[in-house]
Amino acid sequence: GCITGQTTEEKPTKGNTFIIWRGGETGDFELTLDYKIVGGNSGVQYRSFEVPDNKWVVGGYQADIDSGDTYSGINYGERFRGILANRGQKTVLTEVEVDKKDKEGNVKRVKEVKVDVVEKLGESADIQAKIKKEDWNEYKIIAKGNHVQHFINGMQTIDVTDEDAANAPKE
């Protein structure tokens, strides 16, 4: 009754791939699931987009799962902006224009996301202490409009408000 993935020396992964549900589109939702991880990392992609010409590859928000002590519960923008909230952070995302140098040294004005930490929800170590190593944990993801939250074993891990209207996925 479980979805199981495994990478071994004999069968290594060539990059991140995902199971893709194609049963429609979801807007606002609450998803609760149980997970167990032994070694490595994984995650739940949501409000994602398929990457062209890359079978089983998606980008978008990711509720991270990690066998280590750092990433479980964060919000990672897979192929989409990077870390959007570390564990214990409430963040607000906005689009800003910045000057960047290209390979030739020319300065160009580009748009990127700015991540502002607006509140501390808790200490990362305290959140980690609630996560059971190599055992079952409950993960809850709440997505309403431009606001997403993650919880592991009842403890809130992140809170993100994405005010980058042009790029904030809502489905």
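Any read-out appearing in this document is the output of simple, stated calculations on the displayed coordinates, not a laboratory observation. Note that this is a predicted model, so its numbers are computed, not measured. A quick note on method: Cβ atoms are made from the backbone with ideal geometry, for glycine too, and the neighbour counts reach across all protein chains shown.
Here are the numbers for this structure:
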{"item": "Size descriptor, Kirkwood hydrodynamic radius, that averages inverse alpha-carbon separations across the range 99-170, Å", "result": "15.3"}
{"item": "Spacing of the two label points (7 Å from each Cα toward its C-beta) at Glu134 and Ile20, in nm", "result": "3.5"}
{"item": "Dimensions (Å) - the chain, Cα atoms, principal axes, largest first", "result": "52, 40, 34"}
{"item": "For the range 56-103, diffusion coefficient by Stokes-Einstein and Kirkwood Rh (Cα), 20 °C, 1.002 mPa s, µm²/s", "result": "171"}
{"item": "Peptides 10-17, 149-156 ordered by average Cβ neighbours within 10 Å, highest first", "result": "149-156, 10-17"}
{"item": "Percent RCO, i.e. relative contact order, over the range 128-171, from Cα pairs under 8 Å lying at least 6 residues apart", "result": "29"}
{"item": "Subset of Lys132/Lys170; Lys55/Lys100; Lys14/Lys36 violating a 28 Å alpha-carbon distance limit", "result": "Lys132/Lys170; Lys55/Lys100"}
